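The values are calculated or read from the model by the stated rules, or taken from the named source; none is laboratory data. Model, not experiment: these values are computed from the prediction. All Cβ positions, even for glycine, are placed from backbone atoms using ideal geometry, and neighbour counts span all protein chains on display.
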Amino acid sequence: MNQRVRRLFFSSSMLIFGFLSLPAFAVQQGKVRPVPPTFFQYLLRPKFIVMFVLGAVVLFLFLSKKMNKGLKVSLLLISTFLFGIAGNLPIKFFSSFSMHPSPICAVSKAMLYGFRLPMIVTLAVILFLTLVGPKLFCGYVCPVGALQELIAMWADKLKIRRIRWNFRFSNTVRIGIFLLFIFLSGTAILHVVRNGQKIALTFYDYINAFHGFEFGLQKTFMATFLHFLPFVLTIALTFKLYRPFCYLVCPIGLFTNMMEHVAVFRVRLKRPPCDDCEVCDLKAPCPVVPDILKDANLRPDCYACDVCVKSCPKKALDYGTRRTVAGLD
């Protein structure tokens, strides 16, 4: 990686985190007492700090070419446990790691009921990690994404032949679901009545796989079945399709796909030594590799699975800045 870019990136990061670490107290009548949570105070909660640390570790491993299967599995298991399972444990410390609001709720409920502080901070963290890249939040922090990646690796180990996405199809479905959400929200076809007022419900609540990490909330069998159905379907489909929830449903996946095109770091091609053998495309589970080989500016979602990079016999793929001239650094 270009040394100047590296120094700029890490010095900027240190300045940002130094600023975020300023004490959040107010002095009144000679006493120091906490003020109501602000954006930066909320951002400094353990959950978000761990998200930043995980993203930084993943990025370091990619840029230093030290990522391997064991480290990848460990990082994915940590995300799945901390942000998915831990919040259900009867331990106060772990309860603070629960993914509330979930990324989907941070988008959909914010659009319906207003952007409140927890939603704003969640979206800000996702935005930051995505703009650093390569899709660090969706790939390695999101518990639903991490679980899907683990299942995909398991499917590869079991030698299950999977279907490669047609990105035009999957993205059309994902956009269509988002537009359906907008329509149903605007018309309040899905709604509840409170105090005589009709309040729109979010369509995503019925297809939200994040609910699968919320235990013990439903009282009837049918409510429990519907609550866990999107999560179970996601797990089942992941054995045949790479990250089905991310590519077909998640609105965060839709937005981060737009943002990753301006991310600082991403998978890049170096010519030479690439000789168009296309081994990387044959091995990779995602639809993005052909566009990487074309050095296209606009690409399908890349979740940094690292398969194409590791499988290239010429070491022609790596992680770097978009502005670095391929093959010269």
Report yes if A284 is under 27 Å from A56 (Cα atoms), of a type in the set (A, V, I, L, M, F, W, C) and surrounded by fewer than 21 Cβ atoms within 10 Å (Cβ to Cβ), otherwise no.
no
One residue from S96, S108 being touching a Lys or Arg at 6+ places or on another chain (Cβ under 8 Å), among the polar types (S, T, N, Q) and on the phi < 0 side of the Ramachandran plot
S96
Residue pairs qualifying under the 6 Å Cβ cut-off, at least six apart or on distinct chains, with the first in segment 54-81 being in contact (Cβ under 8 Å) with a residue 12 or more places away in the chain and the second being not aliphatic (A, V, I, L, M), are V58/Y140; F62/Y319; L63/Y319; M67/D306; L75/Y140; L76/E149; S79/P143; T80/P143
Among the residues of segment 242-255, is any over 16 Å from the mean Cα position of the chain (by Cα) and modelled with pLDDT of 90 or more?
no
Every residue from segment 205-240 that is surrounded by 15 or more Cβ atoms within 10 Å (Cβ to Cβ), hydrophobic (A, V, I, L, M, F, W, C) and assigned to a helix (DSSP H, G or I):
A209, F210, F213, F228, L229, F231, L233, I235, L237
Take residues that are of a type in the set (F, W, Y) and under 13 Å from the mean Cα position of the chain (by Cα) and tell me which of the helices (runs of 4 or more DSSP H) falling wholly in segment 77-136 contain 1 or more.
117-132
Mind telling me which of the residues C246, C302, C308 ends up being in a loop (DSSP other than H, G, I, E, B) and within 18 Å of N166 (Cα to Cα)?
C302
Tabulated pairs, segment 283-312, first under 14 Å from K270 (Cα atoms) and touching a residue at least 12 places away in the same chain (Cβ under 8 Å), second of a type in the set (S, T, Y) and buried (at least 18 other Cβ atoms within 10 Å of the Cβ), C-beta under 9 angstrom, 6+ apart or interchain
V309/Y319
Which is out of contact with any His (no Cβ under 8 Å at 6 or more places or on another chain), over 24 Å from P37 (Cβ atoms) and aliphatic (A, V, I, L, M), of L123, L77, L112?
L77
As an exercise: evaluate W165 against (1) of a type outside the set (D, E); (2) surrounded by 11 or more Cβ atoms within 10 Å (Cβ to Cβ); (3) modelled with pLDDT of 95 or more and give the number of the one condition it does not meet.
(3)
Over segment 168-185, the set of residues without any contact (Cβ under 8 Å) to a residue 60 or more places away in the chain, surrounded by 11 or more Cβ atoms within 10 Å (Cβ to Cβ) and not hydrophobic (A, V, I, L, M, F, W, C) is T172, G176
Of residues in segment 102-161 being more than 14 Å from K72 (Cβ to Cβ) and in contact with a strand residue (DSSP E or B) (Cβ under 6 Å, 6 or more places away or on another chain), the one surrounded by the fewest Cβ atoms within 10 Å (Cβ to Cβ):
L112
Could you tell me how many of the residues in segment 164-204 are assigned to a helix (DSSP H, G or I) and charged (D, E, K, R)?
2
Condition check: loosely packed, with under 14 Cβ neighbours inside 10 Å and among the polar types (S, T, N, Q). Does Q197 satisfy that?
yes
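Table: residues versus (1) within 20 Å of I160 (Cβ to Cβ); (2) touching a strand residue (DSSP E or B) at 6+ places or on another chain (Cβ under 7 Å); (3) at pLDDT 95 or above; (4) assigned to a loop (DSSP other than H, G, I, E, B).
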| site | (1), (2), (3), (4) |
| --- | --- |
| C286 | yes, no, no, yes |
| D291 | no, no, no, no |
| L298 | no, no, no, yes |
| R323 | no, no, no, yes |
| A326 | no, yes, no, yes |
